[in-house]
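Report on the following structure.
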């Protein structure tokens, strides 16, 4: 486990809309673009093996056609993940799993000789992320699961309900936050929630709004 002293002041950035990584969560990625293959290769040479996941903003959310050196407008808060597993496919893609370590605040994105972006970041204010597993003393599990069942039915989603019933508070709330098909803005709101209870409240509100008004990019401004 990384400590605060292990966290670097500069990390490679992977701007990816709709991808939410939370501390102690797991995010699978498929990497195939040359710039991000280079990023992965360089990342694996470091002691921390961290990649900074961050979301681009609004109309620049799809940067797949942009020049590799273009700096997109990005949200100010992202989450760094440590590469904990990777495998190469026969066609040269990499299947990577990131383990969420800590959120960070973007100070300045940098263009360098590398084909990918790096950024100066601050970890201040996110010390909680490096602590132990969080609990939510106000969690009403039955109420949340009832709401979740209605939401999943409306979205035509399936899940392992028995696993959800037995999951620890943090695993339950964070997994749902990462997996539910919310908009990029809504996922950013979940990322920026101060603690687990705040994230559960945000998650509940988003599901209630979706059931009442349907999916909309405009629900979170």
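The values are calculated or read from the model by the stated rules, or taken from the named source; none is laboratory data. Please read these numbers as outputs of a predicted model, since none were measured by experiment. Cβ sites come from the backbone with ideal geometry, for glycine too, and all protein chains shown count toward neighbours.
Listed by position, the helices (runs of 4 or more DSSP H) enclosed by the stretch 116-209 that each have at least 2 residues that are at pLDDT 95 or above and touching a helix residue (DSSP H, G or I) at 6+ places or on another chain (Cβ under 9 Å) are 141-155, 169-179, 184-192. When the stretch 17-50 is filtered for residues that are buried (at least 18 other Cβ atoms within 10 Å of the Cβ) and assigned to a helix (DSSP H, G or I), the ones remaining, listed by number, are 36, 39, 40, 43. Selection of the stretch 1-16 for residues being assigned to a loop (DSSP other than H, G, I, E, B) and modelled with pLDDT of 95 or more yields 7, 8, 9.
Every condition in (1) modelled with pLDDT under 95; (2) surrounded by fewer than 15 Cβ atoms within 10 Å (Cβ to Cβ); (3) under 29 Å from residue 5 (Cα atoms) is met by residue 62 except one, and the failing one is (3). Of the residues screened, residue 53 is one that is in a strand (DSSP E or B), crowded, with 21+ Cβ neighbours inside 10 Å and touching a residue at least 12 places away in the same chain (Cβ under 8 Å). Residue 71 meets the conditions (1) surrounded by 15 or more Cβ atoms within 10 Å (Cβ to Cβ); (2) assigned to a helix (DSSP H, G or I); (3) at pLDDT below 95 in every case but one. The failed one is (2). Residues that are modelled with pLDDT under 90 and either outside any strand (DSSP E or B) or not assigned by TED's automatic domain parsing to the domain that holds residue 52 (or both) were ranked within the stretch 91-113; the one that is surrounded by the most Cβ atoms within 10 Å (Cβ to Cβ) is 111.
Table: residues versus (1) under 22 Å from the mean Cα position of the chain (by Cα); (2) surrounded by fewer than 14 Cβ atoms within 10 Å (Cβ to Cβ).
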{"position": "153", "(1), (2)": "no, yes"}
{"position": "179", "(1), (2)": "yes, yes"}
{"position": "200", "(1), (2)": "yes, no"}
{"position": "205", "(1), (2)": "yes, no"}
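Look at the stretch 84-105: where a residue is over 28 Å from residue 133 (Cα atoms) and a partner is in a loop (DSSP other than H, G, I, E, B), sitting 6+ places away or on another chain with Cβ atoms under 6 Å, you get 93/32.
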